[in-house]
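Read through the structure below, which is laid out as structure tokens, and then see the notes.
The values are calculated or read from the model by the stated rules, or taken from the named source; none is laboratory data. Given the structure is predicted, the values throughout are model-derived calculations rather than measurements. Heads up, the Cβs are rebuilt from the backbone with ideal geometry, glycines too, and the neighbour counts pull from every protein chain shown. Ligands, DNA and RNA are excluded from the accessible area calculation, which covers all protein heavy atoms including side chains. Shrake-Rupley method; radii C 1.70, N 1.55, O 1.52, S 1.80 Å.
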Amino acid sequence: MGQSSYVYILWLVILAAGLWIIVGFGSALHAREDLAGEWQITPEEPANGTDTRRMKVEQSGQYFNITLPDGQLLRLKLIDEAVVDQRFGEHKRITLRGDDTTATFEGRSRGDLWRFSLDGNTKGAFVARLADRIYSRPAPATQKASPSPAHAR
């Protein structure tokens, strides 16, 4: 074999090792939980039977703007996202901090029902239901396609 053959083999080995490293590190990466949208929040201990109000959450990566029902705007940054239980699906605790306030979301990953608590200048514990997502989720690939008359022959 000539010297050029060794160079080609070396490049193939480097390419394979690089792909192996990329796949290895890439499998550990995951997107942040999407909490953006309009939320209905109810105090855990409501004064009357139906004390539901609306809260808006805007999210850009690890930065959050939460507009509380009274109009107060909280600018928060994600400081911790941890899986706390995996018995019946992945349950997460997401902690946000900023503006002398700590906000915590606890619930099932990708779910619409969470426990939301505030500690700091504003305090409270709420049951939060995501009523309207800002960014809709795509339909799962395993979902049946809807019948369309355009495709029937």
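Does Phe88 satisfy being under 21 Å from Arg129 (Cα atoms) and of a type in the set (Phe, Trp, Tyr)?
Answer is yes for this residue.
Out of (1) closer than 22 Å to Tyr63 by Cβ; (2) of a type in the set (A, V, I, L, M, F, W, C); (3) open to solvent by 90 Å² or more (accessible area, probe 1.4 Å), what's the single condition that is false for Phe88?
Single failed check for Phe88: (1).
Taking Ala17 as the residue in question, decide whether it is farther than 20 Å from Asp99 by Cβ, under 18 Å from the mean Cα position of the chain (by Cα) and open to solvent by less than 80 Å² (accessible area, probe 1.4 Å).
No, not satisfied.
Applying the selection to segment 20-63, what residues are open to solvent by less than 100 Å² (accessible area, probe 1.4 Å) and of a type in the set (D, E, K, R)?
Scanning segment 20-63 gives Glu33, Asp34, Glu38, Glu44, Asp51, Arg53, Lys56, Glu58.
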